[in-house]
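Student: What follows is a structure written as structure tokens; I'll ask about it next.
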Amino acid sequence: MVEIFDNIRKIYTFSSACPELADHIEFFSESSIEATKRYVAGENFSVKMFPSWTPTFYINLGEPYFITIGSQQYLIGADQDILILRNSIVERYNTPSDNIFTVKFYPGGLEAVLGISQLKCVDKVIDLNAVLSAKFIQQIKQPITFNERCELMQQFLLNAFRQTHCKDHYLQFVRDTIANYIAGDMQLSNNDLAERMFSTSKTINRYFNRVVGISPKNYFSILRTRTALTAYVNNPDFVPYDHGYYDMSHFYKDVVCFTGKRLRSSLTPTPLW
């Protein structure tokens, strides 16, 4: 299964964060055993996801699995839980009994909630015991319901957030810049954003590298390509100009940079995996 091209969400259950954490945590999720049986039909499968620069906890509730991050592959044991940044293509190879609980942060969210800069996570697989206590992780992994697991995790993160309550100007500035970029239909240049933020393009560049780990140009390219590619897959009347592209060739070029693969030049949006 490939993100965007396949509905990978159909084999998971999702829950949103509470309002106090909603600016920093995108969602909590857990494998749906019933949905996995229904859609995967008892076979080994993989889930491929494209770069997003979003720190993510992977708490293993099931069998061991392999995960490829960029060009490196790792074996994650049944008792092993990890934190990754998703700054490159990630692919998890799973058995039919796969069962994973995840917490996905927005860029900068890990720092806002737990005071941990995501720059420390670039191109790494971090043992979650270095972030959360072993005792708390075992509480999360007990045979409880998804809602109970979410409540435990959310309460822990909420307490940490209230204690840390990181008011870092860098974090707020980056969050506001991203919001302005989205509000401008993802077509604003760095100079346009600088004008709206009453700042300079150099400042924006410095803040993004400090908080996210890449330049605003590269981050916004990922954000725009992800949005445009989703529209392309779901809409046969896709118009590249609506997403700030000069033409389809311009769009295709960004897709190659984002996915590492070419799209077929036919009307059917099928990736050449």
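The values are calculated or read from the model by the stated rules, or taken from the named source; none is laboratory data. Everything numeric here is computed off the predicted structure, so don't read it as measured data. Every residue, glycine among them, receives a Cβ derived from its backbone with ideal geometry; neighbour counts consider all protein chains shown. Surface accessibility is based on the protein's heavy atoms, side chains included, excluding ligands, DNA and RNA. Shrake-Rupley method; radii C 1.70, N 1.55, O 1.52, S 1.80 Å.
Student: Against the conditions (1) modelled with pLDDT of 95 or more; (2) open to solvent by 10 Å² or more (accessible area, probe 1.4 Å), where does ASN44 fall short? Just the number, please.
Tutor: (1)
Student: Now for a different question. Please go through segment 47-72 and give me each residue that is in contact with a Ser or Thr (Cβ under 9 Å, 6 or more places away or on another chain), open to solvent by 10 Å² or more (accessible area, probe 1.4 Å) and hydrophobic (A, V, I, L, M, F, W, C), ordered by number.
Tutor: Answer for segment 47-72, where residues must be in contact with a Ser or Thr (Cβ under 9 Å, 6 or more places away or on another chain), open to solvent by 10 Å² or more (accessible area, probe 1.4 Å) and hydrophobic (A, V, I, L, M, F, W, C): LEU61, PHE66, ILE69.
Student: For segment 12-25, does any single residue satisfy the condition of being among the hydroxyl-bearing types (Ser, Thr, Tyr), open to solvent by 20 Å² or more (accessible area, probe 1.4 Å), in contact with a helix residue (DSSP H, G or I) (Cβ under 6 Å, 6 or more places away or on another chain) and closer than 30 Å to PHE173 by Cβ?
Tutor: Yes, the conditions are met somewhere in segment 12-25.
Yes or no, residue by residue, for (1) aliphatic (A, V, I, L, M); (2) open to solvent by less than 40 Å² (accessible area, probe 1.4 Å); (3) within 18 Å of TYR106 (Cα to Cα); (4) over 20 Å from the mean Cα position of the chain (by Cα):
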| residue | (1), (2), (3), (4) |
| --- | --- |
| VAL174 | yes, yes, yes, no |
| GLY184 | no, yes, no, yes |
| ASN205 | no, no, no, yes |
| ILE214 | yes, yes, yes, no |
| PHE220 | no, yes, yes, no |
| TYR241 | no, no, no, yes |
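Student: State whether one or more residues within segment 146-155 are in a helix (DSSP H, G or I), in contact (Cβ under 8 Å) with a residue 40 or more places away in the chain and within 30 Å of ALA194 (Cα to Cα).
Tutor: There is no residue in segment 146-155 that is in a helix (DSSP H, G or I), in contact (Cβ under 8 Å) with a residue 40 or more places away in the chain and within 30 Å of ALA194 (Cα to Cα).
Student: A further question on this structure: Can you find a residue in segment 29-40 that is under 13 Å from MET153 (Cα atoms), modelled with pLDDT of 95 or more and crowded, with 18+ Cβ neighbours inside 10 Å?
Tutor: yes
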